[in-house]
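Below is one structure, written out as structure tokens, with a few remarks after it.
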Amino acid sequence: MSCWDIIADYGLRSIGIGERLLPRNEFTLCHQFTLIGSGMIWNIYFGVLALLSGFFFATLLALGKMSTNPIFRRSAEWTIFIFRGSPLFIQFFFAYFLFLSLKQSFPIFSPFTSAWIGALVVLFLNTSAYTGEIFYGALQSIPKGDIEAADAYGLTGWKRFRRITWPTMLRLAWPAYTNEAIFLFHATTLVFFSGFPTTRQRGDALYYANYFADKTFNPFVPYPILAGYFIVLTLIVIGLYGLVNRRLNRHLPTSDRGKIKLRMNIIR
């Protein structure tokens with residue numbers, strides 16, 4: 001079997017297209033590159049959708065934490081505290097059993113016991129909490145002179161937020177938000193290692209890397225392949241977010257434009 005045949009058979013295996021069964025023997029590098037790459041479809045799916053939806057909810061959380069209304073402020077504070085204060089793995093575990101319990105009484109929750117939506121909800125809330133705290137810090141860092149200038153020009157309410165507050169918040173928060181986006185993509189590898197089951201051997205990249213490591217008793221081939229895929233994904237994220245960062249800072253002198261800096265998240 002040529003490598004092209006393997007790619008045709010297993011390239012979309014993680015989403016149920018192609019060979020029904022995984023290979024049992026004669027594991028070639030092409031098998032491992034293809035199946036682990038196929039699993040990356042799930043990691044990208046979880047990361048992209050969680051980031052897109054979490055971005056807007058994080059803005060609401062940041063505004064809620066800044067609110068003078070005690071209900072909005074406390075709700076935002078507790079949401080951020082709970083999802084930042086507990087390990088993501090535990091959040092997956094409890095969310096699965098919560099959805100499983102709700103499913104028994106309310107069949108409408110049946111899809112939430114599957115990873116494609118249940119795990120996505122957890123990632124959405126988790127990244128919203130971290131990003132909300134980043135945006136909250138950025139809101140507090142907005143120069144008072146910008147707000148006073150907006151007031152002097154008669155910009156108030158929604159118009160001031162849309163034209164002054166929100167763009168300035170994004171400009172200040174974007175480097176830190178880029179790091180959060182990178183970490184979120186890495187965190188998607190926990191989905192199928194948590195309470196959410198893998199159906200019909202359709203898992204993410206780490207699931208297939210672990211499969212090959214178990215079958216070949218050699219983790220030094222599949223795991224470096226997995227790391228290579230995530231390094232490429234990280235470079236893509238840095239490139240895309242860097243373009244947005246330059247767009248947000250296009251009005252500043254070149255020497256004053258912020259640059260994306262990567263910092264390791266040691267504890268989360």
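Can you give me the angle between helix 70-85 and the longest principal axis of the chain, using Cα atoms only, in degrees from 0 to 90, rounded to the nearest 10?
30
So if I place +1 on the C-beta of Lys and Arg and -1 on the C-beta of Asp and Glu, and nothing else carries charge, what would the dipole magnitude of the chain be about its Cα centre? I want it in debye, nearest 20.
Working: 25 positive and 13 negative charges, 153 e Å.
Here the chain has a charge dipole of around 740 debye.
Given a 10 angstrom Cα cut-off, can you work out which residue in Pro219, Pro197, Pro107 is the most mobile in a GNM of the chain?
Comparing Pro219, Pro197, Pro107 in the GNM, the peak value goes to Pro107.
Let me spell out the model: positive unit charges on the Cβ of Lys and Arg, negative unit charges on the Cβ of Asp and Glu, origin at the Cα centre of segment 8-114. What dipole size does that give, in debye rounded to 20?
Working: 8 positive and 4 negative charges, 84 e Å.
Magnitude of the dipole: close to 400 debye.
Kindly provide the trypsin sites (Lys or Arg not before Pro) of segment 142-208 that DSSP labels as loop, not H, G, I, E or B, and whose Cβ sees at most 15 other Cβ atoms within 10 Å. Write out the running numbers ahead of the final one.
On the way: sites: Lys144, Lys159, Arg160, Arg162, Arg163, Arg171, Arg200, Arg202; in loops: Arg200, Arg202.
Hits after loop and neighbour filter: Arg200.
Springs between alpha-carbon atoms under 10 Å, Gaussian network over the chain: tell me which of Arg84, Arg24, Arg74 tops the mean-square fluctuations.
Arg24
Can you find, among Thr113, Phe81, Tyr45, the residue farthest towards the positive end of the dipole of segment 32-177? Put +1 on the C-beta of Lys and Arg, -1 on that of Asp and Glu.
About the Cα centre, the residue reaching furthest to the positive side is Phe81.
What angle, in degrees between 0 and 90 and rounded to the nearest 10, separates the Cα long axis of helix 88-105 from the longest principal axis of the Cα atoms of the chain?
80
Once you place label points 7 Å from the Cα toward the Cβ at Val121 and Asp214, how far apart are they in nm?
2.7
Suppose R0 equals 22 Å. What FRET efficiency, 1/(1 + (r/R0)^6) with r the Cβ-Cβ distance, do Leu243 and Leu60 give to the nearest 0.05?
Values: r = 25 Å, r/R0 = 1.15.
Here the calculated transfer efficiency is 0.30.
Convert 10 °C to kelvin, take the viscosity as 1.306 mPa s, use the Kirkwood radius over C-alpha pairs of the chain as Rh, and evaluate the Stokes-Einstein diffusion coefficient in µm²/s, rounded to a whole number. Provide the component values of the computation, followed by the final result.
Working: Rh = 20.7 Å.
Value of D from the Cα-based Kirkwood radius: 77 µm²/s.
Residue farthest toward the positive end of the dipole of segment 150-214, with Cβ of Lys/Arg at +1 and Asp/Glu at -1: which of Pro175, Gln201, Leu190?
Pro175
How much accessible area per residue does segment 38-125 have, in Å², with a 1.4 Å probe?
Value for segment 38-125: 55 Å² per residue.
Among Gly145, Gly64, Gly132, which one shows the highest mean-square fluctuation when the chain is modelled as a Gaussian network with alpha-carbon springs under 10 Å?
Sorting by GNM fluctuation, first place goes to Gly145.
The values are calculated or read from the model by the stated rules, or taken from the named source; none is laboratory data. Just so it is clear, the structure is predicted and the values come from calculations on it, not from any experiment. So basically every Cβ, Gly included, is an ideal-geometry build from the backbone, and we count neighbours across all protein chains shown. All accessible areas refer to the heavy atoms of the entire protein, side chains included, with ligands and DNA or RNA removed. Shrake-Rupley method; radii C 1.70, N 1.55, O 1.52, S 1.80 Å.
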